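The values are calculated or read from the model by the stated rules, or taken from the named source; none is laboratory data. It should be emphasised that the depicted structure is a prediction, and the values quoted were computed from it without experimental measurement. When we count neighbours, we look across all protein chains shown, and the Cβ atoms used for this are built from the backbone with ideal geometry, even at glycine.
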Amino acid sequence: MYGNCVLAAPTGNQVAPALERRDGLPSYVKDYAPVLWLARDETFFPADLAQFLDHVTPTTENRSHPELARPVTLDSLDDLNLSNGTIFLSANSTITELPTWFYGQRPEFTGEVQNATSCAVVVVDKGSGIEDAFYFYFYAYNEGNHVDPFGDLDLGGFGDHLADWEHTMVRFHNGVPYAVWLSQHGFGQAFHYKTMEKEGLRPVAYVGRGTHANWPTPGNHDHFRHGYGVRTPILLTDHASRGVRYDPLRSAWFYNYDVETREFSAYDTDTPVNWLSFTGHWGDARFKTTFSSQKILWHHAKYTTGPKGPISKKLDRPKVCQQDNFFCAVLVQCFRCPNYSSDRGVVASVGYLT
């Protein structure tokens, strides 16, 4: 996508040549961009945004309407915001068939997803020298965790849905990286930049198999231990490992977001912009129990509602954390993470700079 193949192993500071031509893009946005490791047994890889739209139809609650029965493109997707009701992008294929386009594309050895754009980088100036760089990763399908209520009884997978948006965010203060946010199933964790594993200058995250949640270490990460799933006795566990290297910068578009006007703009004239303003769901609405393959267990469904896109991720957040309803801490040690070692004590600080 960005030139000829390089006959050398990728390093933390190698980026796609086209990035150098992005006028106005701060150099530190690419210098400190996260590198991801997909799980060794991952099957649902990053997917091309435009190609995904070729396989879906706009619906309301999975019901088609004549006025919505039209092709959608990245340039026209935000037009759906004018429709009455919440819009969902429903698959043209039956979800249980797992068509080939669900699987995305396995990154090359350079970390690039060939001939695809699977990442959107959004830079947000917060003032007073604070700037957030959001790195959004797109997958066509999310394979949910297998449910294990007692630690030795597998009740099958729950939490599957069409489309998957996950992200990391690096907060900079006067161009210096301060903290890294890792999204995890609608929640997440914030870490001091110095705490993160690095590839050169670039922080490293490990992606849960199928679910694509971002974790600071490889290993098994159960939701209960990290504060999720506490309403049920279900043990939901993400499995992350150092399998396939994914360098999102090599398959990305680059944008700026103005928190006052709430408008997006691209760093070059060839990049589509309108799709970022789409407020609907990238995926089906949660299937009802009348759908033969749907099953419900302790509030968890086999097939859940597809996520909303980058515009819904609180780009104007004052704190590093996405959620406003709990204390935001930027950790300098991942004391609940497997395979993590540090000689530092456990310290937390307020998750924003003053």
**Study point:** Residues of the range 300-322 that turn out to be under 23 Å from residue 216 (Cβ atoms), modelled with pLDDT under 90 and out of contact with any Gly (no Cβ under 8 Å at 6 or more places or on another chain), as a count
**Key:** 0
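Residue-by-condition table, conditions (1) under 20 Å from residue 73 (Cβ atoms); (2) at pLDDT below 95; (3) under 15 Å from the mean Cα position of the chain (by Cα):
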| position | (1), (2), (3) |
| --- | --- |
| 235 | no, yes, no |
| 239 | no, yes, no |
| 244 | no, no, no |
| 272 | yes, no, no |
| 292 | no, yes, no |
| 298 | no, yes, no |
| 326 | no, yes, no |
| 330 | no, yes, no |
**Study point:** Residue check for residue 276: under 23 Å from residue 86 (Cα atoms) and in contact with a helix residue (DSSP H, G or I) (Cβ under 7 Å, 6 or more places away or on another chain)
**Key:** yes
Check your understanding: In the set 46, 10, which member is under 24 Å from residue 209 (Cβ atoms) and at pLDDT below 55?
Key -> 10
Check your understanding: Taking the range 98-145, which residues are in contact with a strand residue (DSSP E or B) (Cβ under 9 Å, 6 or more places away or on another chain), among the hydroxyl-bearing types (Ser, Thr, Tyr) and surrounded by fewer than 20 Cβ atoms within 10 Å (Cβ to Cβ)?
Key -> 103, 110, 128
Check your understanding: Across the range 154-164, what is the total count of residues that are out of contact with any strand residue (DSSP E or B) (no Cβ under 6 Å at 6 or more places or on another chain) and at pLDDT 95 or above?
Key -> 1
Exercise for review: For residue 312, state whether it is touching a helix residue (DSSP H, G or I) at 6+ places or on another chain (Cβ under 9 Å) and without any contact (Cβ under 8 Å) to a residue 40 or more places away in the chain.
Suggested key: no
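In the range 287-304, how many are assigned to a loop (DSSP other than H, G, I, E, B) and either in contact with a Leu (Cβ under 6 Å, 6 or more places away or on another chain) or surrounded by 19 or more Cβ atoms within 10 Å (Cβ to Cβ) (or both)?
Within the range 287-304, residues that are assigned to a loop (DSSP other than H, G, I, E, B) and either in contact with a Leu (Cβ under 6 Å, 6 or more places away or on another chain) or surrounded by 19 or more Cβ atoms within 10 Å (Cβ to Cβ) (or both) number 3.
Condition check ((1) at negative phi; (2) surrounded by 21 or more Cβ atoms within 10 Å (Cβ to Cβ); (3) not hydrophobic (A, V, I, L, M, F, W, C)) across all residues:
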position: 28; (1), (2), (3): yes, no, yes
position: 34; (1), (2), (3): yes, yes, yes
position: 37; (1), (2), (3): yes, yes, no
position: 41; (1), (2), (3): yes, no, yes
position: 47; (1), (2), (3): yes, yes, no
position: 52; (1), (2), (3): yes, yes, no
position: 56; (1), (2), (3): yes, yes, no
position: 59; (1), (2), (3): yes, yes, yes
position: 64; (1), (2), (3): yes, no, yes
Point to revise | Single residue of the range 197-223 satisfying the filter (surrounded by fewer than 23 Cβ atoms within 10 Å (Cβ to Cβ) and hydrophobic (A, V, I, L, M, F, W, C)) that is farthest from residue 244 (Cα to Cα) | key: 201
**Study point:** Condition met for residue 284 (within 30 Å of residue 172 (Cβ to Cβ) and among the acidic types (Asp, Glu))
**Key:** no
